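Chemist: I am attaching a structure below and will ask some questions about it afterwards.
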Amino acid sequence: MKYFCLIFICLLFSCEEKKDVLLPQSNVSIVKDVQDHSPIYIFFKIEGKDTLAEVNRKNSIISTNWIFNIDKRLPLKLVIPEVIKLQEKKRKDSAHKNEKAQNYYSYADSVGKNLAFLPFTKVYYKMNKPKFGILIYFTKKNSILVNGISVEKSNLQNYLTNLESDKPNKFMFSFSTNMSFENYIQNRILITSLKLPDYNLVNEEFIF
């Protein structure tokens, strides 16, 4: 029962209606505990035939760690533009800036049966296709294309490690705009498990 409650975050008692966030799930915890944090919520909302991402950040404090609680059903094309706005606001607020404050996505660890967190403070999102580098694209159907070639998730580490090049490859991790936020979190966790040299990596992610 306790774990079930973790999947749904019930909040906003100060409003007339209570709203729920259905959290993504994965099978591993990247971070298990975050202290001194502020919550940000992005709800799944239906208006007529349209799906909307409804943001609530009323209780967020710039100098704290921010935890983004985002409904897993939302597509990235609705989520990431809102995340970009919030990231930019925090980065530009020099008056209250805390260099140690981080940003995290929350999700439910289905194995450990606990709430877990995925850091993304240093990620800069781009809503376009990268213009250079090795394109690693996670599709809407959750398959992986490396420069157009299909690669199994279980073989991604080996494939990237053995790519031949006369200079260091830059890996551009990219995601379909129509991918669900849950699949995005699961793919981001996969990326964190990869053992790749720092010179292969950039701090940008591409959504297109």
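Chemist: Run through the DSSP bridge list for the chain and note the antiparallel percent, rounded to the nearest 5.
Modeler: Of all bridge pairs located within the chain, approximately 55 percent are antiparallel.
Chemist: Run the numbers on the chain and let me know its relative contact order in percent, using alpha-carbon pairs under 8 Å that are six or more apart.
Modeler: The normalised contact order for the chain reaches 22 percent.
Chemist: Compute the Rg to Rh ratio over the range 96-165 from the alpha carbon atoms, using the Kirkwood formula for Rh, and round to two decimal places.
Modeler: Across the range 96-165, the Cα-based Rg/Rh ratio is 1.06.
Chemist: Further, regarding this structure: Specify which labelled value, from [x] 146; [y] 119; [z] 131, agrees with volume of the Cα convex hull per residue in Å³ derived from the coordinates of the model shown.
Modeler: Computed from these coordinates, volume of the Cα convex hull per residue in Å³ corresponds to label [x].
Chemist: What does the range 126-207 give for Rg and for Dmax, in Å, if only its C-alpha atoms count?
Modeler: Gyration radius and largest Cα-Cα distance of the range 126-207: 12.0, 37 Å.
Chemist: Next question. I'd like the Kirkwood hydrodynamic radius of the range 13-71, using the inverse of the mean 1/r over distinct C-alpha pairs, in Å.
Modeler: 13.3
Chemist: Once the piece of chain linking E152 and Q35 is laid out straight, how much longer is it, given 0.36 nm per residue of separation minus the C-alpha distance between them?
Modeler: 38.4 nm
Chemist: Starting from the Cα of L52, step 7 Å along the direction of its Cβ; do the same at V111; then give the gap between the two resulting points in nm.
Modeler: With each label placed 7 Å out from Cα toward Cβ, I get 3.9 nm.
Chemist: Another question, then. Percent antiparallel among DSSP beta bridges with both residues in the range 126-207, to the nearest 5?
Modeler: Antiparallel: roughly 40 percent of the beta bridges in the range 126-207.
Chemist: Related question: Helix 76-92: angle to the longest alpha-carbon principal axis of the chain, degrees 0 to 90, nearest 10?
Modeler: Helix 76-92 sits roughly 80 degrees off the main axis of the chain.
Chemist: Order of S94, S110, S26 from fewest to most other C-beta atoms within 10 Å?
Modeler: Ordered by Cβ neighbours within 10 Å, fewest first: S94, S110, S26.
Chemist: For an R0 of 41 angstrom, estimate the FRET efficiency from the Cβ-Cβ distance between I61 and D198 and round to the nearest 0.05.
Modeler: 0.80
Chemist: How would you rank Y159, Y105, going from fewest to most other Cβ atoms within 10 Å of each one's own Cβ?
Modeler: Y159, Y105
Chemist: For a paramagnetic label modelled at 7 Å from the Cα of S94 toward its Cβ, which residues of the range 56-86 fall within the zone defined by backbone nitrogen distances under 20 Å?
Modeler: 62-64, 86
Chemist: Something else now. In nm, to one decimal, how far is the F208 label point from the K122 one, both placed 7 Å along Cα→Cβ?
Modeler: About 2.5 nm separates the two model spin labels.
Chemist: Going by Cα centres, the range 64-124 and the range 175-208 are how many Å apart?
Modeler: 14
Chemist: In degrees, nearest 10, range 0 to 90: what is the angle between the Cα axis of helix 181-193 and the longest Cα principal axis of the chain?
Modeler: On a 0 to 90 degree scale, this one is about 50.
Chemist: In a GNM of the chain with a 10 Å cut-off on Cα contacts, which of F120, F132, F173 has the highest mean-square fluctuation?
Modeler: Comparing F120, F132, F173 in a Gaussian network model of the chain, the most mobile one is F132.
Chemist: Using the number of other C-beta atoms within 10 angstrom as an exposure proxy, rank D36, D166, D109, D20 with the fewest first.
Modeler: Listing D36, D166, D109, D20 from fewest to most nearby Cβ atoms yields D166, D36, D20, D109.
Chemist: Take the Cα pairs of the range 108-147, get the Kirkwood Rh, then feed it into Stokes-Einstein at 25 °C and 0.890 mPa s and tell me D in µm²/s.
Modeler: 183
Chemist: Suppose only helical runs count, i.e. DSSP H with n ≥ 4. What mean residue ellipticity at 222 nm does that imply for the chain under -39500 (n - 2.57) per run, divided by all residues and rounded to the nearest 500 deg cm²/dmol?
Modeler: -6000 deg cm²/dmol
Coordinate-derived values only; no laboratory data. No experiment lies behind these values; they were computed from the predicted model shown. For neighbour counting, all protein chains shown are included, and Cβ atoms are generated from backbone atoms with ideal geometry for every residue, glycine included.
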